[in-house]
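Data block below; observations after.
The values are calculated or read from the model by the stated rules, or taken from the named source; none is laboratory data. Because the structure is a prediction, the values reported are computed rather than measured. Here the Cβ is made from the backbone with ideal geometry for all residues, glycine too, and neighbour counts use every protein chain on show. All accessible areas refer to the heavy atoms of the entire protein, side chains included, with ligands and DNA or RNA removed. Shrake-Rupley method; radii C 1.70, N 1.55, O 1.52, S 1.80 Å.
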Amino acid sequence: MCEAVQMEAQRVKIVDGGKLVIPASMRRELGISTGDTVLVDVDDGELRVRSVSRAVERARAILRKYVPEDVGLADELIADRRREAERE
């Protein structure tokens with residue numbers, strides 16, 4: 001996983017409808033563009049915006065702490081379901 005780069009904070013305004021305009025430099029840093037879907041949450045009183053691809057990358061990294069690279073969870077789940085079906 002790539003290391004996060006801390007960008008300098010910028011002042012932005014909330015416009016009609018509660019919309020927040022994300023500065024172009026930050027959109028580029030996040031790898032997002034017009035029409036993309038992002039994940040937004042509040043973390044310890046701060047608004048956090050993440051690209052979906054970054055969130056998936058982070059989830060995979062967390063998962064890999066517990067599941068080795070050579071283990072396929074889908075294959076294990078299918079094998080487990082087959083074993084259960086055979087017992088029935």
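Within the assembled protein chains, the solvent-accessible surface assigned to Glu69 is about 150 Å², based on a 1.4 Å probe. Once the Cα atoms are used to define both axes, helix 73-87 deviates from the longest principal axis of the chain by about 40 degrees. Taking only the C-alpha atoms of the stretch 19-88, the Rg (one decimal) and the largest Cα-Cα distance, Dmax (whole number), read 18.9, 58 Å.
Solvent-accessible area of Glu86, all protein chains in place: 150 Å² (probe radius 1.4 Å, heavy atoms, ligands and nucleic acids excluded). Taking every Cα-Cα distance in the stretch 7-59 and sorting them into 10 Å bins starting at zero, the pair-distance distribution P(r) comes out as 20, 57, 22, 1 percent. One chain, two ends: Asp75 and Gln10. Fully extended at 0.36 nm per residue, the span grows by 18.8 nm beyond their Cα-Cα distance.
Label positions at Ser33 and Glu46, each projected 7 Å from the Cα along the C-beta direction, are separated by 2.9 nm.
Per residue, what accessible area does the chain have, given a 1.4 Å probe and all protein chains present, in Å²?
On the way: 7990 Å² over 88 residues.
Spelled out: the 1.4 Å probe surface of the chain, per residue, equals 91 Å².
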